[in-house]
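Everything below concerns the one structure shown next.
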Amino acid sequence: INGDVTNQPGATMAAHSTEVLINGTLWNGGAYTSDPSVNTFANLVVADTGYLAGGPGDQFRIGGKLESTSTQNALWDTQNAQLIFFGVGDHPFWITGADLGPSTAGYDHNFGWGDFQIAGGQVALTDGNGTAGGALYVGTISGLVIAGGTVTNLHGNGLNVYYEPLANPGLGGQTYALADGGSLAPVPEPGTWAMFLSGLGIIGFVAIRRMSLA
């Protein structure tokens, strides 16, 4: 599709086993579901009423910006899908996930992604809602340019990104600074949390829900 596309609130756009290419801006006020497909947008804007849903094998490819003010965390489901920024230049990325710290709770209905890739240019995070602060929780992350302990092609602007350490052995389970503030930090494995809680003398059962990386 050449040009801009609008998906009105309450409406659904669905991609099934295909490739979608929109050479313009998709303004999504409703549901955009993928099962599984490769979805490529020049720009993607998700309104507060909108959400994305996809699973293993689904790709959301963004050549420009991804601006989201979505409040639909219960419906948004991309924890097993890929988000890829490609092309040169800056890629503004508005995020609406709450910053729950380096905790597996951050993956539960919190706008996370299974795989996050920077395939070109640089990504700049922006807070997409009215609540101060925010974070992006991902399974795997790639395409980072790291120099002197700082990720230079991912601008946090005071926001944080959390990753699964076992799924990203190249990062060594370390914490890195993001350009312009914020950090890229690992989420301790459940076993690590269990030992930590035990060391504090906390007795009881702790239920930890983790993102499935298919």
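List of remarks:
- Environment charge of residue 156, counting only residues whose C-beta is closer than 13 Å and scoring Lys/Arg +1, Asp/Glu -1: -3
- Using a probe of 1.4 angstrom and keeping all protein chains present, the accessible surface of the chain works out to 45 square angstrom per residue.
- Since only 114, 6, 170 are under comparison, the one whose Cα sits farthest along the positive direction of the charge dipole of the chain, derived from C-beta charges on Lys, Arg, Asp and Glu, is 170.
- To put it simply, the accessible area of region 14-58 at a 1.4 Å probe is 53 percent carbon and sulfur.
- Nearest-ten-degree value, helix 190-199 long axis tilted from longest Cα axis of the chain: 30 degrees
- Across 1, 62, the residue with the most accessible area heads the list, and the full order at a 1.4 Å probe is 1, 62.
- Total charge dipole magnitude, the chain, about the Cα centre, Cβ charges on Lys, Arg, Asp, Glu only, Debye to nearest 20: 200 debye
- Amide H within-cut-off set for residue 153, under 5 Å, with H built and near neighbours excluded: 145
- Working note: 222 nm ellipticity from helices only, DSSP H runs with n ≥ 4, each -39,500 (n - 2.57), summed and divided by the residues of the chain, gives -1500 deg cm²/dmol to the nearest 500.
- Residue 46 long-range amide H proximity, modeled H, under 5 Å: 28, 67, 68, 69
- Relative contact order computed over the chain (Cα-Cα under 8 Å; 6+ residues apart), in percent: 14 percent
- Relative intensity, log₁₀ I(q)/I(0), of the chain from a Debye sum that treats every alpha carbon as a point, q = 0.09, 0.12, 0.14 Å⁻¹: -0.34, -0.60, -0.82
- Each of 91, 155, 16, 109 has its accessible area taken with a 1.4 Å probe; listed largest first, they run 16, 109, 155, 91.
The values are calculated or read from the model by the stated rules, or taken from the named source; none is laboratory data. For clarity, every value in this text was computed on a predicted model and none was experimentally measured. Using ideal geometry, Cβ is built from the backbone for each residue, glycine included, and neighbour counts are taken over all protein chains shown. Note: accessible area is taken over every heavy atom of the protein model, side chains too, but ligands, DNA and RNA are not part of it. Shrake-Rupley method; radii C 1.70, N 1.55, O 1.52, S 1.80 Å.
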